[in-house]
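What follows draws every value from the coordinates through simple rules; no lab data is involved. The shown structure was predicted, so the numbers you read here are calculated from the model rather than taken from an experiment. In this analysis, Cβ positions are derived from the backbone assuming ideal geometry, glycine residues included, and neighbour counts consider all displayed protein chains.
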There are 2 protein chains.
Amino acid sequence: MLYKDAGVDIDSLNLVRKGIGKHVTKTFGRRTRSEYGLFGGIYSIDSDFLISSCDSVGTKILIACATGIHNTIGADLVNHCVNDILTTGALPLFFMDYIGFSKVDRKTLVNVVSGLAKACTRERMVLVGGETAQLTRFYPDGVYDLVGFVVGKVRKKDYLIPMKRIKVGDIILGLKSSGLHTNGYSLARRVLLRKYRLSSYIRELKCTLAQELLKVHRSYRKEIEPRLRHVKGLAHITGGGFYDNLRRILPPDCSAVIRKKTWQPLPIFRLIQNLGKVPEEEMYRVFNMGIGMCVIIDRNKLRNFKPIRPKIIGEIVKGNLGVKVD
Amino acid sequence: MLYKDAGVDIDSLNLVRKGIGKHVTKTFGRRTRSEYGLFGGIYSIDSDFLISSCDSVGTKILIACATGIHNTIGADLVNHCVNDILTTGALPLFFMDYIGFSKVDRKTLVNVVSGLAKACTRERMVLVGGETAQLTRFYPDGVYDLVGFVVGKVRKKDYLIPMKRIKVGDIILGLKSSGLHTNGYSLARRVLLRKYRLSSYIRELKCTLAQELLKVHRSYRKEIEPRLRHVKGLAHITGGGFYDNLRRILPPDCSAVIRKKTWQPLPIFRLIQNLGKVPEEEMYRVFNMGIGMCVIIDRNKLRNFKPIRPKIIGEIVKGNLGVKVD
């Protein structure tokens, strides 16, 4: 099975984004430093850039709704957003959320927001506002969509421009993910729920399927923040997997080689691959495979990262082949 | 019929927001100036406040989807957000959008974003990024949800604190709305679609029902911006109508009296009221009735507002009775 068979067509989505891009870039003025297609939006104010990003947790929300566990999905959203702006060197300032629903009980909504608020505090930012919108007969009963918007800040002189810094010979570190994070759930659900229920205990996973699928998207801020000055580039491995996310930060004359053998993918990914007969390349295009953040550094800086126990999972090589998973 | 009968229960929503509030305010730190329940979030940075707001267009989206007219819904969203932050004295800097959908064709999405981009340019802000999320079998086919986040800025010294400025004797100006704006669509659709089709030409409205319901939410920035220094308070008349929105800006010892006879409600509101047998008070609680923005000023400043042809629709009186529509 391919991601496309589960209803998500990355190529077609990329076409949509291309069509959208030409309208978006027309609004860019002298205060915008964004290039369309980066992880976050960039706005210049005094000596800082304000970096913003918008995300949802995708169909992971359906796992929360099916299990009635609503107090962790907020952290998924917050951490996803924080990781996105971290890739520019920015640290979070404030967050807003949108919850859209037709019929959801009060307790559920309060649980969602209490989770959001705790995660914001952990990430040292303010949940500054949000919108709780009831759209009659629009969403299925008991189901809601959850969207987050983060604004962070980076001093102009500290703004991370991977394309200018990354050189042939640099190494790619991989930081562990906790599981699927917020990615590839349409494919995962399609494959796994044919055989298992959410309440099934799965031996390989050492937990129930629901527990595995609700594992919280990790934030890498705490580990990366004190080491930002040694970082040349960061790729948050979300939709588009290793291919699309690493490609976004490569200089034109550099390629990235990821060596799969350097780490053991988490058991959940092998399970999905085997059950769904998902081609190997598709797995690395859709999922994080156990690596949630790639950090590109000069080989000599490795000792600064030792305390956070990264895996060296690849390197930057010459040529414009893009990303190769080997 | 009441709004509640159309599936939207404002009281219950207010309870949800109260439950949420205590978690949200826990994240507030020294840089937050927000009080929970205001129009926008406030974050202090250097000599400015960053003011942010999040909104959706509610079920107006269903009119866009039913008619296939997707190039104006973006302006509804942008203008709604701009008006919200304007109430603090802030002018917009940048905007992000979220479009969630399951199956929507590419052309539709590009139309939505082209409308967003044009409205952003008109409001002198940057569409700095966004998220286009495909959630398999989550949204009905052909339907999408559209959410916007705006960030604006106001100098700390110009920050508008209506509660400190509004005095007994001040007058309330009303600026015309174009129609429903983005509000009360669940009730309006329920009432109107029992009798009419969207394509029906309605004599009182001088247009088809679809044309009426798609009229674009007005932005009041252009009219208010050059007069901000004469403004004591602004209430954007959205969900909660005159009651909830004016109450938010009243000092504890002041009440607002709105005199209904000072303007003629737009024909669409009379049509909804008559067809749906909606109680008079409910109309002013749900809809804008033809006034999209209330501007509270000192009586002596009236001449500064003459060029934008406001109606004097009420005044500030003594007492803590809140908002009275008379």
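Couple of notes before you dig in:
- Under 5 Å, built H, 5+ apart or other chain: amide partners of B:I258: B:K324, B:V325, B:D326
- Solvent-free Debye calculation, one equal scatterer per alpha-carbon of chain A: log10 I(q)/I(0) at 0.06, 0.10, 0.13, 0.14 Å⁻¹ equals -0.20, -0.58, -1.02, -1.19.
- Residues in the range B:72-86 carry Karplus couplings, in order, of 10, 5, x, 5, 4, 5, 4, 5, 4, 5, 4, 4, 4, 6, 4 Hz; the curve used is 6.51 cos²θ - 1.76 cosθ + 1.60 with θ = phi - 60°, and Gly or Pro positions show x.
- Using only alpha carbons, the range A:245-307 has a radius of gyration to Kirkwood radius ratio (Rg to Rh) of 1.03.
- Taking the Cα atoms of the protein assembly as shown, the ratio Rg/Rh between the radius of gyration and the Kirkwood radius comes to 0.99.
- When +1 charges are put on Lys and Arg Cβ atoms and -1 charges on Asp and Glu Cβ atoms, the dipole computed for the range A:162-325 relative to its Cα centre reaches about 360 debye.
- Derived scalar couplings between HN and Hα for the range B:41-53 equal x, 10, 10, 8, 9, 6, 8, 10, 9, 8, 10, 10, 8 Hz in order, rounded to whole Hz, by the Karplus curve 6.51 cos²θ - 1.76 cosθ + 1.60 (θ = phi - 60°), x for Gly and Pro.
- Listing B:E123, B:E315 from fewest to most neighbouring C-beta atoms within 10 Å gives B:E315, B:E123.
- Label distances, nm, A:R309 versus same residue in remaining copies, Cβ-directed 7 Å point: 7.2
- The phi torsions of the range B:185-191, fed into the Karplus equation with coefficients 6.51, -1.76 and 1.60 and a -60° offset, translate into couplings of 5, 5, 5, 4, 5, 4, 6 Hz, rounded to whole numbers, with Gly and Pro shown as x.
- Between the amide H of B:L266 and those of B:G290, distances stay under 5 Å, these residues lying 5 or more places away or on another chain, with hydrogens modeled in the peptide plane.
- Per-q log10 I(q)/I(0), the range B:31-158, q = 0.12, 0.18 Å⁻¹ (Debye; single scatterer per alpha-carbon; no solvent): -0.47, -0.90
- Proxy reagent accessibility, fewest Cβ within 10 Å first, across B:K232, A:K277: A:K277, B:K232
- Value of [θ]222 nm, deg cm²/dmol, for chain B, DSSP H segments ≥ 4, -39500 (n - 2.57) each, nearest 500: -9000 deg cm²/dmol
- Think of each Lys and Arg Cβ as +1 and each Asp and Glu Cβ as -1; about the Cα centre, that makes the dipole of chain B roughly 860 debye.
- Residues whose amide H comes within less than 5 Å of that of B:T238, counting only those at least five positions distant or on another chain, are absent (H built at 1.01 Å from N in the peptide plane).
- In this structure, the residue pairs whose Cα-Cα separation is over 21 Å, taken from A:K153/A:K232; A:K118/A:K222; B:K222/B:K324; B:K176/B:K215; B:K107/B:K195; B:K4/B:K277, are B:K222/B:K324; B:K107/B:K195.
- Relative to its residue count, the range B:186-326 spans a Cα convex hull of 117 Å³ per residue.
- The residue list A:Q134, B:P267, B:I161 was ranked by how far each Cα lies along the charge dipole of the protein assembly as shown toward its positive end, using unit charges on Cβ atoms, and B:I161 comes out on top.
- Residue (of B:C120, B:T108, B:N300) at the positive-pole extreme of chain B, dipole from beta-carbon charges: B:N300
- Copies compared at B:G21 - label distances in nm, ascending, label defined 7 Å from Cα in the Cβ direction: 4.5
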